[in-house]
1. Give the order of L26, L175 when sorted by the count of other beta carbons within 10 angstrom, beginning with the fewest.
2. Using each residue's phi in the range 148-161, evaluate 6.51 cos²θ - 1.76 cosθ + 1.60 at θ = phi - 60° and report the 3J(HN,Hα) Karplus result to the nearest Hz, with x for Gly and Pro.
3. Explain nothing, just compute: Karplus ³J(HN,Hα) = 6.51 cos²θ - 1.76 cosθ + 1.60, θ = phi - 60°, for every residue of the range 37-51 in order, whole Hz, x for Gly and Pro.
4. Provide the gained length on full extension for the span I155 to R294, in nm with one decimal, where the gain is 0.36 nm per separating residue minus the Cα-Cα distance.
5. What is the sum of charges, Lys and Arg at +1 and Asp and Glu at -1, for the other residues whose Cβ falls under 15 Å from the Cβ of R280?
6. First measure r as the distance between the Cβ atoms of M84 and F233, then evaluate 1/(1 + (r/R0)^6) with R0 = 45 Å and state the FRET efficiency to the nearest 0.05.
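Rule-based calculations on the coordinates, nothing more; no lab input. Small disclaimer: the values here were computed from a predicted structure and weren't measured. As a convention, Cβ positions derive from the backbone with ideal geometry for all residues, glycine included, and neighbour counts pool all protein chains shown.
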Amino acid sequence: MVAGQFLAFRLGGGAGALISAFIALLVVVVVAAGFSGAGVMLMDRAKAIEPRSMVDALLFGLTCLPKFIGFALVLLGLALGLTMVASLVYFVCKLPGIGPLLLFVAHPVLVVLTGVTFTAITWVAVPLFTPAVWDGRSFKESLSLVYAVARTRLIQVVALLLGLYVVMSVIALLLLAALFPGYGLMTGLAAAIVGPGMLGGGMSSIVGILGGMDMGGGGGHLYAGMLATGLIFGVATTLMFQVLIMGVNLVYLSATAGLDIAASQGALETHLEQAKQKAREAQERARMAAERARQAMPQAATAPVAGAVPSPAAKTAVHCPQCHEGIHADDLFCGSCGHKLK
């Protein structure tokens, strides 16, 4: 990957940007597959079964990625739907008279509804859908499980996850409290002995290393210091994420123990079918309205214009009896000769 980035930096232009984008996508896929594979192996340990091999776990984790992408699209659709509903309500609030009162009532409701929705996604949906996929469930079955837990065991799951996050925060605090003093002391000592080259230079030094520039002998130390720092905090982050993933798996197993998801799956399918039916009905109504508008356009084009009907005054021409010039029927005097008409 580093070699690929070096090649992209050397090539530059469109080819370099294309290679950089491909390498970035590859890195994201590899990291996501590795994270998912670790979750699969920890799920096996949480279920007290023989863990599968690293290669099998990595391949299975790779097959889980489309389900996670689909779930992200579902959450995006939910967020867009909530945004559209809120936008419609706020447009109604622009009406004069009742608009301010409606805004006073609707705005707090929408704020609370949005907060509850995103809290449910963060605290229930994601922590339950992810281990459900690692457990080998299908996409629809995982959604049904999340729906079932949210209906029947929501308080239990929130309490368990709250306890997990508290424990996770304490572990992270202890780990960082033990790591930062040692890192600061040893980094300062190394800089004093090896030289400031392992610390100085900033982004210009990094760009110089990638570009092959001579950094005065300090570029190698800087590169080594960067890799060492990444290794230290990478290992610490990995340990914390292992604790988090294992805890989420245990919460999932505890929340789904003895849970009958058949009824929830049927209810979810019913709701989805109703949503599809309403969408089809709305599409049909929109099509019929467009058809009526299309049929009304030729009729409106061929209909006589009301303003083109001649007025009664225009049908009979009126002239002055004295000078025979045209006058209006309601005139009192002729505009040309001044003859009295009435």
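1. Values: L26 12, L175 15.
The most exposed by this proxy come first: L26, L175.
2. So the J values, rounded to whole Hz, are 5, 5, 5, 7, 10, 10, 5, 5, 4, 5, 4, 5, 5, 5.
3. Here the 3J(HN,Hα) series is x, 5, x, 5, 5, 5, 5, 4, 5, 5, 8, 6, 10, 5, x Hz.
4. Gain on extension, I155 to R294, equals 44.6 nm.
5. On the way: positive: K276, K278, R285, R287; negative: E273, E281, E284.
Summing Lys and Arg as +1 and Asp and Glu as -1 gives +1.
6. Numbers: r = 42 Å, r/R0 = 0.92.
Plugging the Cβ-Cβ distance into 1/(1 + (r/R0)^6) gives 0.60.
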